[in-house]
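Novice: Sharing a structure, written as structure tokens. Questions coming.
The values are calculated or read from the model by the stated rules, or taken from the named source; none is laboratory data. From a predicted model like this one, the values you see are computed outputs, not experimental measurements. Note that each Cβ is placed from the backbone with ideal geometry, even for glycine, and that neighbours are counted across all protein chains shown.
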Amino acid sequence: MNLKDVVRQELIGLNIEVVKAKNSSLIGLKGRIVDETKNTLVIERKNKTKKLLKDQITINIKFPKKIIQVNGKLLLGRPEDRIKKWKRKQKTSELK
């Protein structure tokens, strides 16, 4: 899995850690993504939720064998549109 794959997949359920942020109190914040909107990620930690603005953070997304760093600006946009674009490109490449 690489950065391109991560940006084009469903993020809900993934574990993240904020590594850079305009608001320095968010750095080091860890949790699981429970919701996503056009401009925000909602994470759950210790049974509380925290809303993060995508364009103001850089996160590490944790996978079983890999950690990928993603600038939140790459995630801007509605999640369903981001996923649809990827599936459309995939279908087009299969036809060639």
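Novice: Residues being exposed (fewer than 15 other Cβ atoms within 10 Å of the Cβ), touching a Gly at 6+ places or on another chain (Cβ under 9 Å) and outside any loop (DSSP other than H, G, I, E, B): count how many of those fall in segment 35-47.
Specialist: Count: 2.
Novice: If you take the residues in segment 55-76 that are outside any strand (DSSP E or B) and without any contact (Cβ under 8 Å) to a residue 40 or more places away in the chain, which one is farthest from GLU10 (Cα to Cα)?
Specialist: Ranking the candidates gives GLN56 first.
Novice: Return yes when LEU52 is in a strand (DSSP E or B), within 16 Å of GLY77 (Cα to Cα) and out of contact with any Cys (no Cβ under 8 Å at 6 or more places or on another chain) and no when it is not.
Specialist: yes
Novice: Might you let me know whether segment 54-67 holds any residue that is at pLDDT below 90 and farther than 16 Å from LEU3 by Cβ?
Specialist: yes
Novice: Looking at LYS73, LYS20, LYS51 in this structure, which one is within 25 Å of LYS84 (Cα to Cα) and out of contact with any helix residue (DSSP H, G or I) (no Cβ under 7 Å at 6 or more places or on another chain)?
Specialist: Within the list LYS73, LYS20, LYS51, the selection yields LYS51.
Novice: So which residues in segment 39-87 are out of contact with any strand residue (DSSP E or B) (no Cβ under 8 Å at 6 or more places or on another chain), within 19 Å of LEU26 (Cβ to Cβ) and among the basic types (Lys, Arg)?
Specialist: Selection gives LYS46, LYS48, LYS73.
Novice: Which ones in segment 7-34 are in contact (Cβ under 8 Å) with a residue 24 or more places away in the chain, surrounded by 14 or more Cβ atoms within 10 Å (Cβ to Cβ), among the aliphatic types (A, V, I, L, M) and part of a loop (DSSP other than H, G, I, E, B)?
Specialist: Residues satisfying the conditions are LEU11, LEU14.
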